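Q: Structure below; questions to follow.
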Amino acid sequence: MMTRPDILHWLRETDPLRLDELWAHADRTRAASVGADVHLRGLIEVSSHCRRHCTYCGLRAPNAPLPRYRMTSEEILRCAHQAVGFGYGTVVLQAGEDEGLSASAVADVIERIKADTPLAVTLSLGERTEEELALWRSAGADRYLLRFETSNPELFTRIHPPHSGRTCNRIALLGLLRELGYEIGSGVMIGIPGQTYEDLASDVELFAALDLDMIGVGPFLPHPATPLGRDGGGVGETPLRRTGETPAPPAPTDQVPNTEGMTYKMIALARLACPRANIPSTTALATLNKASGRELGLCRGANVVMPNLTPPEYRAMYEIYPDKACVFETAEACHGCMIRRIRSIGRTVGTGRGDSPNYRPRQGRTVEAGR
Ligand code: SAH
């Protein structure tokens, strides 16, 4: 296991030759732990409505000019069938924290997908109640993605204000999701204004402590219609301005940059911290390097990609950050592009559900422990 000084050393390393060692170590660990297959997860962005006021995200409720949509069950089911046609093993239903997505409607759509297809269903619907999460699990949902965004509690509360006075503890929620039997996924944004190298090292340690089955990391990308995008987005060269909603900046040398290079470091360190986790090469990374970000992520620890299945008429409205990669593509185009990219680096396209090998042994241990 890596020590904290090891993690910090890699996060601060700038020598490309030394970094090649990190990439190679992460890639070998990936090959030995999860193999050559790249699993495809069809992403369906089911609703852009959101009740939250997260200072980083373009879907935040106060962003009034953003047009909102909510897909019908029939539309979601059509996308799921399209996923089967493309040979995907999983669909991910993602949305803003939308109360209009009622617990029963979501349960119903999960049941219909599970009845009609062999797909694994992953949910990424934000912080919902224990009853809702339990209902969706019993309806057949397999996995839940909930990034803790940053392990620094003060920074998290500043960028992710609690909803109507209720405290929100995503780490506790991940524990609950695990108890309910979900495969659990989490992750962070990289280069949030106010985020330090120490914070990122703690993030990596928390990935390991939570024994995550899935880990998604990506650069923070400033959205001009958000407080962080307006005031604190220009991370790096220029000092960050202090305003009411913007976190106080750390000393300039401690501020993590929201760069492609930092993202690869975090992918590689996530792989070393959690060898058997499923780790996507994310769209946010591809947004920073449209030519080869996906491939480089896959060569530096990642083993999953998430082609977008959201109907083209809705895609532009799911604007969590601007200039998102693939926003004008059709599902067919995304599919073909991903397959080409995977084959171009000598990897194979995963078949079947692509469950995390981390999940089965843990379930086994739980059963044994219960005997
Ligand atoms: N409402 C769900 C899904 C949010 S979108 C939830 O809160 O869990 C999924 C992820 O996109 C978020 O967890 C966040 O890490 C990322 N994201 C949001 N805004 C972003 C931005 N401006 N730059 C980069 N990533 C962002």
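Here, each number is a calculation from the coordinates, and none is a lab measurement. Here the structure is a predicted model, which means the values were calculated and not measured. We place every Cβ from the backbone using ideal geometry, glycine too, and count neighbours over all the protein chains shown.
Q: Net charge near residue 316, counting Lys/Arg +1 and Asp/Glu -1 over other residues with Cβ under 13 Å of its Cβ? Show your work: numbers first, answer last.
A: On the way: positive: 68, 315, 324; negative: 45, 313, 319, 323, 329.
The answer is -2.
Q: Around residue 210, under 11 Å between beta carbons, what's the net of Lys plus Arg minus Asp minus Glu among the other residues? Display every interim value, and only then the final one.
A: On the way: positive: 170, 178; negative: 203, 205, 211, 213.
Surrounding charge for residue 210 is -2.
Q: Could I ask something else about it? Please tell me the relative contact order of the stretch 266-323 in percent, rounded to the nearest whole number, where contacts are Cα pairs under 8 Å and at least six residues apart.
A: In percent, rounded to a whole number, it is 35.
Q: If you don't mind, there's one more thing I want to ask. Where Lys and Arg each count +1 and Asp and Glu each count -1, what net charge lies around residue 250 among other residues with Cβ under 11 Å from its Cβ? Provide the component values of the computation, followed by the final result.
A: On the way: positive: none; negative: 198, 199, 254.
Summing Lys and Arg as +1 and Asp and Glu as -1 gives -3.
Q: Measuring from label point to label point, each 7 Å out along Cα→Cβ, what is the residue 18 to residue 166 span in nm?
A: 4.6
Q: Does the stretch 150-193 come out rounded, prolate or oblate by the C-alpha gyration tensor, with a ≥ b ≥ c the root eigenvalues, rounded set by a/c under 1.5 and, if not, prolate when a/b is larger than b/c and oblate if not?
A: Details: a/c = 3.08, a/b = 1.41, b/c = 2.19.
Oblate is the answer for the stretch 150-193, as a/c is 1.5 or above yet b/c matches or exceeds a/b.
Q: What do the square roots of 5 times the Cα gyration tensor eigenvalues come to for the chain, in whole Å, largest first, as semi-axes of the equivalent ellipsoid?
A: On the way: eigenvalues 157, 126, 91 Å².
Gyration-tensor ellipsoid for the chain: 28, 25, 21 Å.
Q: Per residue, what volume in Å³ does the Cα convex hull of the stretch 1-50 take up? Before the final figure, lay out the partial values.
A: Working: hull volume 8.9 nm³, N = 50.
Enclosed volume per residue, from the Cα hull, is 178 Å³.
Q: Once every DSSP H run of n ≥ 4 in the chain is given -39500 (n - 2.57) and the sum is divided by its residues, what mean residue ellipticity at 222 nm do you get, rounded to the nearest 500 deg cm²/dmol? Could you put the intermediate results ahead of the total?
A: Details: 15 runs with 158 residues, N = 371.
Result for the chain, helices only: -12500 deg cm²/dmol.
Q: Follow-up. Can you pull the semi-axes for the stretch 89-186, root of five times each eigenvalue of the Cα gyration tensor, sorted largest first, whole Å?
A: 25, 14, 11
Q: Assuming a ≥ b ≥ c are the square roots of the Cα gyration tensor eigenvalues, decide whether the stretch 1-118 counts as rounded (a/c under 1.5), prolate (otherwise, with a/b larger than b/c) or oblate. Walk me through the intermediate numbers first.
A: Working: a/c = 3.11, a/b = 1.56, b/c = 2.00.
Cα axes put the stretch 1-118 in the oblate bin.
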